[in-house]
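Everything on this sheet refers to the single structure shown next.
The values are calculated or read from the model by the stated rules, or taken from the named source; none is laboratory data. Predicted model, so just to flag it, every value in this text is computed and none were measured. Virtual Cβ from ideal backbone geometry, glycine too; neighbours counted across all protein chains shown.
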Amino acid sequence: MEKRRRKKHQSHQRSLVIINEHRPFLASSPAGTITVDKLDHAVVDEATALTDQEHGRFEREAATDLVDTGRRWLQQAVKHFARASAVAKLAGAAVTPFDGSRPSSDDQLVTRAETIHAAVSAEPDTFVKGGITPARIDALGAALAAFKKAKDTMTLASKQHNEATERFDQAADQGSDAIAVLEGVLTLEPNAPAGARNALRQAKRIGPRIAGDAVPEESGPAPATPPPAPTTPATPPVSDATV
């Protein structure tokens, strides 16, 4: 779909080139001036929206990678802290082992990790018997914060991408409407520049022929095959008996 939008923008750019070539004629009336300006603004707005859309897509993909990495790390951390808390309890610590089952969602994962981090941070010495060191507690807190930040970034980037898509569609509709009006002017006005309407119609096509495409040659009679070259008769061999 994004490829289709980019092609539409390119068709509007080509159309604007044709319009600019005949701007003196098309902008000779107030209504024509407004329509040409409308197309100008639409093409600019399309370009801006495409740039914002691409930026949002890049930010979303980068954040998605961070979220995937952070999710795997936190899932492993939950299991580790659950096992460590069980070991600490067996060693005599007055603790309740953490739930080490796999969280069913990111929200549940965050809640579980926050609960574990708060518990071990409040009594770090209690969990030392299970092998939980202050460095691991700090690592859990940092990973949890990074995961939540990546999730927020991914959500914001998706929102920006969708908003840019909506802005492009609105601008593209305005551009298409302006081109349709200007094409009507070039069709109905008797003193319209010759060939301008056809040039505009060709320019606005979403999938124009690419320069360099092979053009089929006109059919015609096949060229005559040249006659074969005459063969030279073989020279008879000369023998000793020949006088």
Exercise for review: Tell me which residues, restricted to segment 27-50, are farther than 13 Å from residue 177 by Cα and at pLDDT 95 or above.
Suggested key: 44, 45, 46, 47, 48, 49, 50
Point to revise | Residues of segment 21-33 satisfying the condition of being under 36 Å from the mean Cα position of the chain (by Cα) and surrounded by fewer than 13 Cβ atoms within 10 Å (Cβ to Cβ) | key: none
Point to revise | Residues of segment 109-130 satisfying the condition of being exposed (fewer than 13 other Cβ atoms within 10 Å of the Cβ) and either among the aliphatic types (A, V, I, L, M) or under 14 Å from residue 77 (Cα atoms) (or both) | key: 111, 118, 122
**Study point:** Where residue 110 falls short, out of the listed (1) under 30 Å from residue 163 (Cα atoms); (2) touching a helix residue (DSSP H, G or I) at 6+ places or on another chain (Cβ under 6 Å); (3) among the aliphatic types (A, V, I, L, M)
**Key:** (2)
Review point. In this structure, is residue 107 of a type in the set (Asp, Glu) and more than 32 Å from the chain's Cα centre (by Cα)?
Key: no
Exercise for review: Those residues that are loosely packed, with under 12 Cβ neighbours inside 10 Å and either of a type in the set (Asp, Glu) or part of a helix (DSSP H, G or I) (or both), I need them from segment 69-107; list them, please.
Suggested key: 72, 76, 90, 107
Exercise for review: Could you grab me the full set of residues in segment 118-173 that are out of contact with any Lys or Arg (no Cβ under 6 Å at 6 or more places or on another chain), among the polar types (S, T, N, Q) and either in contact (Cβ under 8 Å) with a residue 40 or more places away in the chain or assigned to a helix (DSSP H, G or I) (or both)?
Suggested key: 121, 126, 153, 155, 160, 162, 165, 170
